[in-house]
1. Return yes when residue 98 is among the β-branched types (Val, Ile, Thr) and either within 15 Å of residue 10 (Cα to Cα) or touching a residue at least 40 places away in the same chain (Cβ under 8 Å) (or both) and no when it is not.
2. Could we say that residue 50 is among the aliphatic types (A, V, I, L, M), in a strand (DSSP E or B) and more than 19 Å from residue 137 (Cα to Cα) here?
3. Scan region 22-30 and tell me whether some residue there is of a type in the set (A, V, I, L, M, F, W, C), surrounded by fewer than 16 Cβ atoms within 10 Å (Cβ to Cβ), part of a loop (DSSP other than H, G, I, E, B) and on the phi < 0 side of the Ramachandran plot.
4. Just one of the numbered conditions (1) within 24 Å of the chain's Cα centre (by Cα); (2) assigned to a loop (DSSP other than H, G, I, E, B); (3) surrounded by fewer than 19 Cβ atoms within 10 Å (Cβ to Cβ) is not true of residue 5; which one?
5. Pull up region 31-47, narrow it to residues that are open to solvent by 90 Å² or more (accessible area, probe 1.4 Å) and outside any strand (DSSP E or B), then point me to the one that is nearest to residue 70 (Cα to Cα).
6. Going residue by residue through region 40-51, is there one that turns out to be closer than 30 Å to residue 153 by Cβ and either out of contact with any Asp or Glu (no Cβ under 6 Å at 6 or more places or on another chain) or free of Cβ contacts under 8 Å to residues at least 12 places away in the same chain (or both)?
7. Could you figure out which of (1) within 19 Å of residue 30 (Cα to Cα); (2) touching a His at 6+ places or on another chain (Cβ under 8 Å); (3) aliphatic (A, V, I, L, M) isn't true of residue 52?
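The values are calculated or read from the model by the stated rules, or taken from the named source; none is laboratory data. Note that the structure is predicted; figures quoted are calculated from it, not measured. For neighbour counting, all protein chains shown are included, and Cβ atoms are generated from backbone atoms with ideal geometry for every residue, glycine included. Just so you know, the surface numbers come from the protein's heavy atoms only, side chains and all, with ligands and any DNA or RNA stripped out. Shrake-Rupley method; radii C 1.70, N 1.55, O 1.52, S 1.80 Å.
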Amino acid sequence: MSRIGKYPVTFDDKVQIQLSSNVIKIKGPKTSLNYTLDKRISAKVEDKKVVLTRIDDSTESRSLHGLYKVLIQNAVHGVTTGFSKSLELHGVGYRANVQGKKLELSLGFSHPISFDIPEGIEIKVDKQTLVVVTGADKALVGQVSAKIRGFRPPEPYLGKGVRYLGEKIRRKAGKSAGK
């Protein structure tokens, strides 16, 4: 038995879960998410709990059992409270602002970077140097945050770049002056 998959996913009255063949639909006050279950995993809803079972004990079935349990648990959390990641911009002249469905970033290049905000993601900018990415899908929030960080990752000599809030950058000494 999977150590993670054997525990049921509990949800409250604000969340509605519908099962149809191998598609599970999780609907909450914020939004709704859909997941297609593998044919080796089956789900059933019983009194505010989702119980997942697998058909055999193969390695793939055991790993998918735990995976789908965590995906459904994250979806239940996402449709009720949501997920967020914060990014800091460090550098002279580094700033961000949101214009419609685009995030405009000035990161020291000769041109501004325009990033299209995907569906299901909301981006807020505080003080022009703090970008907050929020959404219901944990994987999508992480993907968008990593994409924004990838435009100018923090460099080890001056520490300039886009970093996660609270991320520590290991600094290098750089060149030393001649004797």
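1. Taking the combined requirement at face value, the residue does not satisfy it.
2. On the way: among the aliphatic types (A, V, I, L, M): yes; in a strand (DSSP E or B): yes; more than 19 Å from residue 137 (Cα to Cα): no.
When the stated conditions are applied, residue 50 does not pass them.
3. First pass over region 22-30, keeping only residues of a type in the set (A, V, I, L, M, F, W, C): 23-24, 26.
Subset that is surrounded by fewer than 16 Cβ atoms within 10 Å (Cβ to Cβ): 23.
The next check asks that each one be part of a loop (DSSP other than H, G, I, E, B); those that pass are none.
No, the conditions are met nowhere in region 22-30.
4. Tallying (1) within 24 Å of the chain's Cα centre (by Cα); (2) assigned to a loop (DSSP other than H, G, I, E, B); (3) surrounded by fewer than 19 Cβ atoms within 10 Å (Cβ to Cβ), residue 5 fails exactly one: (3).
5. Here the residue is 39.
6. no
7. Exception for residue 52: condition (1).
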